[in-house]
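Chemist: Have a look at the structure that comes next, please.
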Amino acid sequence: MTGEWIKMPGGGFSKLPNGSVVVALSLPSPLGDGRPARFLVHAANRARALTRLRNLGLRAVYLRGNTEPPTPDEITAVLHHPDGLLWRTLPQTASELWHPFRTLLRERSALRE
């Protein structure tokens with residue numbers, strides 16, 4: 001260890017009355033622009049939510065603890081989206097809306113070309 005502190009990604013979850021969960025994670029942006037991003041996933045349980053993110057290319061995603069659970073506004077946003085998977089960069093600005101994960105995949109492929 002070099003003496004550097006590595007900040008682990010923050011995240012958390014909220015269990016809904018119907019038994020499903022909303023998981024929120026703050027991770028480095030996969031676009032490689034140095035900005036952190038907040039990801040929201042709606043799934044049947046925490047393991048499935050993390051599997052959805054891993055299957056989409058975010059390989060080293062783990063949820064340790066519940067330090068940054070999703071806010072009520074974040075829960076509402078992800079529940080009203082048909083894919084149940086949203087992201088946006090941090091810090092949150094009033095002008096930036098939540099994006100479907102599909103747009104991130106398109107942006108990543110455009111950067112590779």
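Chemist: So which residues in the range 1-28 are of a type in the set (Lys, Arg) and either closer than 18 Å to Asp83 by Cα or modelled with pLDDT of 95 or more (or both), if there are any at all?
Modeler: Across the range 1-28, the qualifying residue is only Lys15.
Chemist: Checking Ala77 against (1) in a helix (DSSP H, G or I); (2) more than 26 Å from Gly19 (Cα to Cα): exactly one of these is not met. Which one?
Modeler: Result: Ala77 passes all but (2).
Chemist: Take the residues of the range 93-105 that are exposed (fewer than 13 other Cβ atoms within 10 Å of the Cβ), outside any helix (DSSP H, G or I) and not small (Gly, Ala, Ser): which is modelled with the lowest pLDDT?
Modeler: Among those residues, the one meeting the criterion is Thr93.
Chemist: Can you report the number of residues in the range 15-66 which are at positive phi and either in contact (Cβ under 8 Å) with a residue 60 or more places away in the chain or in a helix (DSSP H, G or I) (or both)?
Modeler: Of the residues in the range 15-66, 1 are at positive phi and either in contact (Cβ under 8 Å) with a residue 60 or more places away in the chain or in a helix (DSSP H, G or I) (or both).
Chemist: I'm trying to understand the selection: among the residues of the range 43-65, which are surrounded by 13 or more Cβ atoms within 10 Å (Cβ to Cβ) and within 14 Å of Gly11 (Cα to Cα)?
Modeler: Within the range 43-65, Arg46, Ala49, Leu50, Leu53, Val61, Leu63 meet the criteria.
The values are calculated or read from the model by the stated rules, or taken from the named source; none is laboratory data. Remember, predicted model here, so these are calculated numbers, not experimental data. Note that we place each Cβ from the backbone using ideal geometry, even for glycine, and neighbour counts take in every protein chain shown.
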